[in-house]
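S.K.: One structure coming up, written as structure tokens, with questions to follow.
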Amino acid sequence: MAAPVQQPPQSSGGKRKGKAQYVQAKRARRCDGGGPRQLEPGLQGILITCNMNERKCVEEAYSLLNEYGDDMYGPEKFTDKDQQPSGSEGEDDDMEAALKKEVGDIKASTEMKLRRFQSVESGANNVVFIRTLGIEPEKLVHHILQDMYKTKKKKTRVILRMLPISGTCKAFLEDMKKYAETFLEPWFKAPNKGTFQIVYKSRNNSHMNREEVIKELAGIVGSLNSENKVDLTNPQYTVVVEIIKAVCCLSVVTDYMLFRKYNLQEVVKSAKDPSQLNPKQPAQAGNGKEAKLESGDKSNQNDPAEGKNNQQVVSENNEELGHTKPRSETKMVSEGGANPELESQVTEGSEPNENDLS
């Protein structure tokens, strides 16, 4: 009797194969809504960092975005597929017209299945990406932060930062340069101008060079209008560069320092002095590097920490840390000796999650 009992496990190879096929089919069905399931070039949305609880983060994000989205754009409307206009039946006689009609119906049906906000896989831990449709991410996020800044009402528990992403492209230098030349025009091309800073963060990516990216983007901003000037204290615009794996997320935001680097936990805290725009900088969750450099700044070159994760480097001209010094501060030393161009290094993971966690 033992042989018959063991026989089914003996042929379980077919069962395992069938299970794998079932999982694949299940994943395929999840994509039937027509929307992307992971972060990829060509998307717009909102990048959200959280504190170790991504599922709760997505729930809070949906609640918050729907609340303010309805306030700005009205309630989200849905149309049943059966209510879709079918067009003239006379066109069915024309094969070409019938084919175009069918393609149009499929496309319209797919668009109706897409929600205003849809969570997609970001490709990094503690990072959630909410794809937006028919929404201007930078205006919506600014509206949320502005309201929370005025009311001081805390509306989230696990969401830390909420950054609008107005455009995405492949995370290769040539692709980024080509994309940024057009992307940055609305803010910086003459006659438009303004003061700016560049904030760079990289996650799960080892082939991009931080200093090279910042130098190229700053050069593009300067070429669009020579009157664009760098201001690392309180810039009019902040160019946000978030790289996750092979995708580069770009946005240009305002009131970045006023809204505490778009940190929802910090923006609701009362400040004695409105000019105190920068809280102390603690550890940042996850792996990555962040830097703010002015156009043409040579600092951070030959950075020995380039190959290390979990570090944040700020140029010596950056006054962002002017009000409160970080708890963990050491001199940046290059492999060949001291580097006078770099003033401080804040090592991530040295402090609890308090302020600007990403």
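S.K.: For the stretch 226-246 and the stretch 140-165, write down the distance between their C-alpha centroids in whole Å.
M.R.: 20 Å
S.K.: Grab the Cα-Cα distance for residue 174 and residue 73, subtract it from 0.36 nm times how many residues apart they are, and report the gain in nm with one decimal. Numbers along the way, then the final one.
M.R.: Values: separation 101, 0.36 × 101 = 36.36 nm, distance 3.63 nm.
Separation in residues times 0.36 nm, less the Cα-Cα distance, equals 32.7 nm.
S.K.: Could you work out how far apart the two model spin labels at residue 94 and residue 56 are, taking each label as a point 7 Å from the Cα in the direction of the beta carbon, and quote it in nm?
M.R.: 5.9 nm
S.K.: Here's something else I'd like to know. Between residue 63 and residue 195, what is the spin-label point distance in nm, taking each point 7 Å from the Cα along the Cα→C-beta axis?
M.R.: So the label points at residue 63 and residue 195 sit 3.8 nm apart.
S.K.: I want the local charge near residue 226. Using Cβ-Cβ distances under 13 Å, sum +1 for each Lys or Arg and -1 for each Asp or Glu among the other residues. Intermediate results must be reported in sequence, preceding the final value.
M.R.: Numbers: positive: 189, 193, 229; negative: 227.
Net charge around residue 226: +2.
Bear in mind that the values in this text are calculations on the coordinates, not laboratory data. The structure displayed is predicted, hence computed values, not measured ones. Here the Cβ is made from the backbone with ideal geometry for all residues, glycine too, and neighbour counts use every protein chain on show.
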